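For reference, the structure discussed in these notes is given below.
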Amino acid sequence: MPDSTKSVERVLAIDPGRRHYGFAVGNTVSGTASAVSSIDSPRHPPWTDIEELILDWRIDRVLVGLPINMDGSESDMSTAARAFADVLARKTGLPIEMVDERLSSREAGSGEGNHAEAAVVIAMTWLGGQP
């Protein structure tokens, strides 16, 4: 039976890429997440779209995928994801958490359309670690 005293926390998971961003939303009560969208944005992060998702879904926390190498070392993409998360924190004022996404793309499948599904894997990874 669900704990009725537990308050819901809505999360937005982001799979940031060089050209594409995937988005999924989830919550701590159901422990589930769903793909929302994938946005092609080759020059800069889609800030307006992100702000709209946060408002529309009443997001409490943002999860950003951290692309690290299989050996645990960081790469140029890791540095870019951390910089993106820092700007996101300043723009939104929301708590931001980095989530290891080593296997999210593989689990989500290959191809251009997998960014939103990779964001689901990021959300589920984080949600799975919550009490």
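The values are calculated or read from the model by the stated rules, or taken from the named source; none is laboratory data. Because the structure is a prediction, the values reported are computed rather than measured. Cβ sites come from the backbone with ideal geometry, for glycine too, and all protein chains shown count toward neighbours.
From Leu88, Leu94, grab the single residue that is at pLDDT 90 or above, assigned to a loop (DSSP other than H, G, I, E, B), surrounded by 14 or more Cβ atoms within 10 Å (Cβ to Cβ) and within 15 Å of the chain's Cα centre (by Cα).
Leu94
Of all the listed residues (Val29, Val36), the sole one being assigned to a loop (DSSP other than H, G, I, E, B), farther than 17 Å from Val99 by Cα and in contact (Cβ under 8 Å) with a residue 12 or more places away in the chain is Val29. Candidates in the stretch 44-60 are the residues that are out of contact with any Phe, Trp or Tyr (no Cβ under 9 Å at 6 or more places or on another chain) and touching a residue at least 24 places away in the same chain (Cβ under 8 Å); of these, the one that is farthest from Ala24 (Cα to Cα) is Trp47. Taking the stretch 59-78 as the range and being modelled with pLDDT of 95 or more and more than 12 Å from the chain's Cα centre (by Cα) as the test, only Asp60 passes. Is it the case that some residue within the stretch 38-58 is at pLDDT 95 or above, basic (Lys, Arg), within 21 Å of Thr125 (Cβ to Cβ) and surrounded by fewer than 16 Cβ atoms within 10 Å (Cβ to Cβ)? Checked the stretch 38-58: no residue is at pLDDT 95 or above, basic (Lys, Arg), within 21 Å of Thr125 (Cβ to Cβ) and surrounded by fewer than 16 Cβ atoms within 10 Å (Cβ to Cβ).
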